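Here, each number is a calculation from the coordinates, and none is a lab measurement. Since this is a predicted model, take the numbers as computed values, not measurements. Cβ sites come from the backbone with ideal geometry, for glycine too, and all protein chains shown count toward neighbours.
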Amino acid sequence: MVLSTEEIRRLIVVAQTDENEVMATTALTDLLIEIMDNHMERHICKYYRKATVGGMDKDDIRQIFLIACSKAIEQADPYIGNPLLFILKKGKWAVTDELRKNYRRNLRQYCHSCGKETRLNERGGIPICPNCGEDRDGYVERIQFNHTDDGTMAQFKVDESLSIEDAVEGSLLVEKFRSRLSGRKADVFDLIYYHGYDRDSCDNYQKVVADKLGITPSNVNLRLRQIKAEWEEFIMSELDYEDYVRLSQ
């Protein structure tokens, strides 16, 4: 049951002013339960994807949101407008602030000319590699170095529910695609696809692959994104639309 604005006002007053600690705590708890049950998900679900990119998960986002809401309950004026909107806004601001800080902490630069991963470096808004001076458009890329598994390689797994003909066709396509890869992209692909260092067998498969190859996890992630882009281009050129849908289901 969703509480009315008047009921929320009364709970805020009790949480802020009641000298009985039990009553105040109960009112605060009731307000947080109302927020969790009826408001939280629709206000923060859009941040879940951004959280995983930054190395957090859904529970981290929920916790940040609820802590901020709890503090906002103590600050809210119950007699101005709808105090719940103020509380929810404070919760969302806390989430976006944490995501912004986390994004900055995890942002690095990768130079395609010299292959070095470095700190951020730019001049006049243009990224410049501090190692070799590369500044051409597209040669210096900003990347996240603290990634969780985004399931990039899952699309290459042959679904056991496919018919024998479709499974064979899918495997042959993967083999043909693999022949196009070289360098680090081939190394990353082989360790994940052929040697089984994937999200099903490793807690952090990108870190494991990075350790195996002597490179950074962000470098692995970069190769995975390149592989994914090449795969999408390859598969659309090899199959007509009906085949693509059938093998992707």
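Per-structure values
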quantity	calculated
Segment 1-90: C-alpha gyration tensor shape, a/c 1.5 cut-off, then a/b vs b/c	prolate
Cα shape, segment 37-101, gyration tensor, a/c 1.5 rule	prolate
Pair ASP30, GLN63: separation of 7 Å Cα→Cβ label points (nm)	2.8 nm
Reciprocal of mean inverse Cα separation for segment 176-221 (Kirkwood radius, Å)	10.6 Å
Hz values of 3J(HN,Hα) by residue in segment 30-47 - Karplus curve (6.51, -1.76, 1.60), Gly and Pro given as x	4, 5, 5, 5, 4, 5, 4, 6, 10, 9, 4, 4, 6, 8, 10, 4, 5, 8
Computed label-point distance, nm, for sites GLU175 and SER237 using a 7 Å Cα→Cβ extension	2.1 nm
GluC sites (Glu not before Pro) restricted to segment 1-84 and DSSP loop, no more than 14 other C-beta within 10 Å	GLU19
Set of lysines with alpha-carbon distance to LYS46 below 23 Å, sequence-local pairs under 8 removed	LYS58, LYS71, LYS89, LYS90, LYS92, LYS101
Within straight-line cross-link reach of LYS212, lysines at Cα separation under 23 Å, skipping those fewer than 8 residues along the same chain	LYS116, LYS157, LYS185, LYS228
Computed lengthening from TRP93 to LEU213, 0.36 nm per intervening residue step minus Cα-Cα distance	39.2 nm
Segment THR17-ASN121, extension gain: residue separation times 0.36 nm, minus the distance between their alpha carbons	32.3 nm
